[in-house]
């Protein structure tokens with residue numbers, strides 16, 4: 001599913017705010033970690049984000065910029081009145097095509113965070129970093145993100161469209177196996 005920019009704001013940002021307010025965008029609060037985690041325990045964790053939080057906080061917003069740019073010219077997005085305070089990265093100081101490049105690299109770099117032992121899925125199971133296919137799936141995302149970066153450098157919407165499709169496919173490959181389950185407890189197995 002692709003989420004596009006609407007009226008200069010990220011739909012995903014709105015969805016994230018709704019999720020943070022306690023209303024789940026998926027219809028189940030069971031997908032979010034405990035509402036009141038132990039602060040001391042959280043401070044002691046090297047990687048405190050659950051997999052879903054990492055996806056919602058890093059992968060989804062950055063991929064949305066790629067999906068926007070495959071059909072819209074980021075160079076035509078005017079800067080915000082105060083670019084240094086812009087919520088929409090396309091309107092910020094490092095906006096337009098730079099934002100698309102940066103988002104591509106953020107996905108490529110963040111892919112390594114998907115391989116960290118000790119991270120958990122939203123159902124409490126460990127992220128399956130020890131499964132034989134996991135490193136290949138993660139590397140597929142990293143490679144697709146690098147392709148998006150190179151396409152963004154060309155400032156060509158068609159090239160970016162092909163690269164964004166590669167990102168979509170990389171995400172779908174993993175989601176099909178590990179996320180898209182009828183029951184939350186079946187994820188990450």
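Derivation of every value follows stated rules applied to the coordinates shown; laboratory data play no part. Just so we're clear, the structure is a prediction, and the values are computed from it rather than from any experiment. Please note: Cβ atoms are built from the backbone with ideal geometry, for glycine as well, and neighbour counts cover all protein chains shown.
Sorted by average packing, counted as other Cβ atoms within 10 angstrom per residue and highest first, what order do 128-135, 109-116 take? The partial results should precede the final answer.
Working: 128-135: 13.1, 109-116: 16.1.
Result, highest mean first: 109-116, 128-135.
When the C-alpha atoms of region 31-189 are aligned to their principal axes, what extent does each axis show, in angstrom, from largest down?
Here the Cα extents, ordered largest to smallest, are 44, 34, 26 Å.
So how do 75-86, 165-176 stack up, highest first, on mean other-Cβ count within 10 Å?
On the way: 75-86: 12.7, 165-176: 17.2.
Per-residue Cβ counts within 10 Å, averaged per peptide and sorted highest first, yield 165-176, 75-86.
Between residue 38 and residue 113, what is the spin-label point distance in nm, taking each point 7 Å from the Cα along the Cα→C-beta axis?
Result: 2.4 nm between the two label points.
Label residue 46 and residue 131 with points 7 Å out from Cα along Cα→Cβ: what is the distance between them in nm?
Label-label distance for residue 46 and residue 131, simple model: 2.3 nm.
Between residue 94 and residue 162, what length comes free when the chain is fully extended (0.36 nm per residue of separation minus the Cα-Cα distance, one decimal in nm)?
Additional length available on full extension: 22.1 nm.
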